[in-house]
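Notes to accompany the following structure.
What follows draws every value from the coordinates through simple rules; no lab data is involved. Quick caveat: nothing in here was measured; it's all calculated off a predicted structure.
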Amino acid sequence: MEQPPRLPMIKVDFKEPEEFSWTEVLPRFIENVFQEPSTKFIAEIDELDAMRKKMSAATGTLKGRNSIYQYYSQLNLLELRIPPGKTITGANYVWNDSMSKEKESNTSLEFEKSCVLYNLATSILLYCNSLLTDPKDSGSNETPTHNAENIKLAFSGYQVA
């Protein structure tokens, strides 16, 4: 059977986050806003910090998508616990833009969430592109993976991204 013509795909890169540690910022925020000892939350803060590091190294695979989504979900839950009119003092999120290659920084949690959401869409896009990649293009001797199921999965993924 003849392969369908291939459409050119847009190459989108991940935004790259600069080093940031929740363990330096979140304990002070908890103590200042909630007047509780932050030592009760050390394990959770360390886990959030580990999620960010894992998200920073994510690729265009299902595993990478899952790590980005997990971190994004935790940011949503964190946002629910921030009282109206308050911000996390000392938090400065710095990301390298994938299009302009310039550093962008902001102190807003919404900025962090939007950059993570961008990377989530990029991860889904790269995964979908991999479903439609002809192995001959990468120098492999495998047979092409263009089958109806991969095409359906890729295009539904494009809609999600």
| remark: Looking only at lysines whose Cα falls under 23 Å of residue 152's and that sit 8 or more positions away or on another chain, we get 11, 63, 136
| message | With a cut-off of 8 Å between alpha carbons and a minimum separation of six or more residues, what is the relative contact order of the range 75-133 in percent? | response | 27 percent
| request: Calculate one ³J(HN,Hα) per residue across the range 39-55 by plugging θ = phi - 60° into the Karplus curve 6.51 cos²θ - 1.76 cosθ + 1.60, and present them in order as whole Hz with x for glycine and proline. | output: 4, 5, 10, 4, 4, 5, 5, 4, 5, 5, 5, 5, 4, 5, 5, 5, 5
| said: Under the rule a/c < 1.5 gives rounded, and otherwise a/b versus b/c splits prolate from oblate, where does the range 1-117 land using the Cα gyration tensor? | reply: prolate
